[in-house]
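Take a look at the structure below.
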Amino acid sequence: MPQQADTPFELKFAGRDIRPAAVRARDLAEVINSFDDMLSTSILSENPDVRREDLVISFVHIEDGSVHLRFLPNLRPLALVALQTIATAVSTGEFHGVPRHSVKCLKTIQTFTRRHGCTAELRDHVDAATPLATIDQDTDIAELPFLEGETTLFGEVLRVGGRTPRVMFRLSGDSVLYCDATYPVAKVLGEKLYTWVCVKGAAKWNPETLATEELSIREIISSPSEALTGTMDKLSRVCSRFYADVTDIPAYVSSIRSTGLEVAS
């Protein structure tokens, strides 16, 4: 039946000896963060118009008697599609179309089940008769290897920061990429917020979509505007002699459009 916007999802761990009092807070925090990242990554991957800062997966409840963790996404319809896609992948063993980071988060949840001898159930609401999918220590969670190499990337710098420097880039098509960077590189990019820049580094590509999923920035080459200015200066030096006698530029351009361009050698 349809679920209300305030109906939480549930990640339920079940086992003979599994209960909140028997689990370290650090382990629970790792699982909570993994569930958040798993859903958020999948939602953003399928909905590039959604900004990360507009997406909230709230942790709203923990219940005793096994471990019931409940989460309330603010964009529930999008989150439900993401959860169902992930659950289908777990049930079928086919992870094509699930972002690699979401798969890594699933592996973290599976590590918890192995550590505590329990199973994890993904539920779209707490009263569901059966879970969407169940993860145990034997569940096959496959992860395709990255394609790796050097690349050059153009992007708009949206955010720079963190104890370990991370750079948030908006690429063409409005997709977003989070990149690692050295402190010197991050410091320079921090002065170029909301500017398009060209960077170079070690990249990892999704083997299915060939989309860039990771980039470790090693070098800032230039900004596109600087590169374009340099290119136009060079073009001007090479070609200016052919147009030295042109005095009426609008009329000349109009004649090119109507009759074509003829350049004397």
Discussion item. Name the single residue that is surrounded by the most Cβ atoms within 10 Å (Cβ to Cβ) among those in the range 35-77 being hydroxyl-bearing (S, T, Y) and more than 21 Å from L177 (Cβ to Cβ).
Written reply: S66
Practice prompt. Any chance you could count how many residues in the range 174-209 are in contact with a helix residue (DSSP H, G or I) (Cβ under 7 Å, 6 or more places away or on another chain) and among the basic types (K, R)?
Written response: 0
Practice prompt. Determine which single condition Q4 fails, assuming it passes every other condition in (1) modelled with pLDDT of 85 or more; (2) outside the structural domain of R114 (by TED's automatic domain parsing).
Written response: (1)
Discussion item. Among the listed residues D136, D127, identify the single one that is out of contact with any Phe, Trp or Tyr (no Cβ under 6 Å at 6 or more places or on another chain), within 23 Å of L72 (Cβ to Cβ) and among the acidic types (D, E).
Written reply: D127
Discussion item. If I ask for residues that are of a type in the set (G, A, S) and surrounded by 15 or more Cβ atoms within 10 Å (Cβ to Cβ), which ones from the range 111-131 would you list?
Written reply: A120, A128
Discussion item. Among (1) out of contact with any Phe, Trp or Tyr (no Cβ under 6 Å at 6 or more places or on another chain); (2) modelled with pLDDT under 90, there is one condition V67 misses while meeting the rest; what is its number?
Written reply: (1)
Worksheet entry | Meets criteria (basic (K, R) and within 18 Å of S40 (Cβ to Cβ)) for R159 | yes
Practice prompt. Answer yes or no as to whether L177 is aliphatic (A, V, I, L, M), surrounded by fewer than 14 Cβ atoms within 10 Å (Cβ to Cβ) and under 25 Å from K107 (Cβ atoms).
Written response: no
Fill in: Residue among T134, T139 that alone is buried (at least 16 other Cβ atoms within 10 Å of the Cβ), in contact with a helix residue (DSSP H, G or I) (Cβ under 9 Å, 6 or more places away or on another chain) and in a loop (DSSP other than H, G, I, E, B)
T139
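The values are calculated or read from the model by the stated rules, or taken from the named source; none is laboratory data. Since we're looking at a predicted model, the values are computed, not measured. For neighbour counting, all protein chains shown are included, and Cβ atoms are generated from backbone atoms with ideal geometry for every residue, glycine included.
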